[in-house]
Amino acid sequence: MFNILVVDDQAHIRRLYEYTLEKNGYQPFTAGDGAEALRLMENTHIDLVILDLMMPTMDGLRAAKEIRALPRADAQSVAIIAVTANAFSDDIRQAIAAGMNEHIGKPVDSDKLVEMLLKYKKSK
């Protein structure tokens, strides 16, 4: 099973992701902020992270940097997809600089997301 961690502070958004991921054969896990995501990643194998950039407690940029610094063999290779309503080129550059692989704007097009996920699933 391909495990995907969805990190977003809005519960209804997490539920939409869960529905889309389960419908397409993925195993979703969810967290409400970056700190919760890091705790979950300590004990769970995650293949890909969908990470909202604008969250309280720990935002997505900091969370991505901390994921990359985890003492896990796959900390540098786990795919991280940034999600934000801010789709300016500077926002995308910041996401990539923080260690994220891709950027997708909100509102998320579920077909585009599934296409993106398939690319990463095939590379595993």
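The values are calculated or read from the model by the stated rules, or taken from the named source; none is laboratory data. These numbers were taken from a predicted model, which means no experiment stands behind them. In this analysis, Cβ positions are derived from the backbone assuming ideal geometry, glycine residues included, and neighbour counts consider all displayed protein chains. Only protein heavy atoms, including side chains, enter the accessible area calculation; ligands, DNA and RNA are left aside. Shrake-Rupley method; radii C 1.70, N 1.55, O 1.52, S 1.80 Å.
Restricting attention to segment 30-48, does a residue exist that is among the aliphatic types (A, V, I, L, M) and part of a loop (DSSP other than H, G, I, E, B)?
yes
Taking segment 54-96 as the search range and keeping residues that are open to solvent by less than 30 Å² (accessible area, probe 1.4 Å) and either assigned to a strand (DSSP E or B) or of a type in the set (Val, Ile, Thr) (or both), which one is farthest from Leu38 (Cα to Cα)?
Filtering segment 54-96 for residues that are open to solvent by less than 30 Å² (accessible area, probe 1.4 Å) and either assigned to a strand (DSSP E or B) or of a type in the set (Val, Ile, Thr) (or both), the one farthest from Leu38 (Cα to Cα) comes out as Thr84.
Out of everything in segment 70-86 that is touching a Gly at 6+ places or on another chain (Cβ under 9 Å), of a type in the set (A, V, I, L, M) and without any contact (Cβ under 8 Å) to a residue 40 or more places away in the chain, what residue ends up being farthest from Asp47 (Cα to Cα)?
Ala85
Please enumerate the residues belonging to segment 1-25 that are more than 13 Å from the chain's Cα centre (by Cα) and either over 16 Å from Ser110 (Cα atoms) or surrounded by 20 or more Cβ atoms within 10 Å (Cβ to Cβ) (or both).
Met1, Phe2, Gln10, Ala11
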